[in-house]
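Participant: Sharing a structure below in structure tokens format, with a few things to ask.
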Amino acid sequence: EIISSLNFVDEVVLSIDKDKTVCKTLELIKPTLFVKGGDRTLDNIPEREVCEKFGIKMVFNIGGEKVQSSSWLISKCINKKNKQ
């Protein structure tokens, strides 16, 4: 709901992928743009091949430098719980 409420967002689609990529989803919907956060580059995204195959423009550094990571947050919670 938050993403879809942004006025420059046309549509929000939930990923159908079972791995940690969105390759299958990109193949299915073939969007104009594929945007990634500040911690990703052309050299370290698994979706690169799919984007190049279907002419999907890749845009990087959305949101600036990486501030948080779900992996970091999960690790922090686990460490906190283990200390209790």
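Participant: Looking only at segment 31-45, filter to residues that are of a type outside the set (Gly, Ala, Ser) and in a strand (DSSP E or B); which one of those is farthest from residue 13 (Cα to Cα)? Step through it out loud before you land on a result.
Facilitator: Going residue by residue through segment 31-45, those that are of a type outside the set (Gly, Ala, Ser) are 31-36, 39-45.
Of the ones still in play, those that are also in a strand (DSSP E or B) are 33-36.
Working: 33: 13, 34: 12, 35: 14, 36: 15 Å.
Among those residues, the one meeting the criterion is 36.
Participant: Would you mind telling me which numbered condition in (1) modelled with pLDDT of 85 or more; (2) surrounded by 11 or more Cβ atoms within 10 Å (Cβ to Cβ); (3) outside any helix (DSSP H, G or I) residue 19 fails?
Facilitator: So residue 19 meets the others, but not (2).
Participant: Determine whether segment 46-54 contains at least one residue that is free of Cβ contacts under 8 Å to residues at least 40 places away in the same chain, outside any helix (DSSP H, G or I), surrounded by fewer than 12 Cβ atoms within 10 Å (Cβ to Cβ) and over 14 Å from the mean Cα position of the chain (by Cα).
Facilitator: No, there is no match, as no residue in segment 46-54 is free of Cβ contacts under 8 Å to residues at least 40 places away in the same chain, outside any helix (DSSP H, G or I), surrounded by fewer than 12 Cβ atoms within 10 Å (Cβ to Cβ) and over 14 Å from the mean Cα position of the chain (by Cα).
Participant: Return only the number of the condition from (1) surrounded by 12 or more Cβ atoms within 10 Å (Cβ to Cβ); (2) outside any helix (DSSP H, G or I) that residue 25 does not satisfy.
Facilitator: (2)
Participant: How about segment 54-74: which of its residues are out of contact with any helix residue (DSSP H, G or I) (no Cβ under 6 Å at 6 or more places or on another chain) and at pLDDT 85 or above?
Facilitator: Listed by number, the residues that qualify are 54, 55, 56, 57, 59, 60.
The values are calculated or read from the model by the stated rules, or taken from the named source; none is laboratory data. All figures in this text were calculated on a predicted structure; none of them were measured in a lab. Virtual Cβ from ideal backbone geometry, glycine too; neighbours counted across all protein chains shown.
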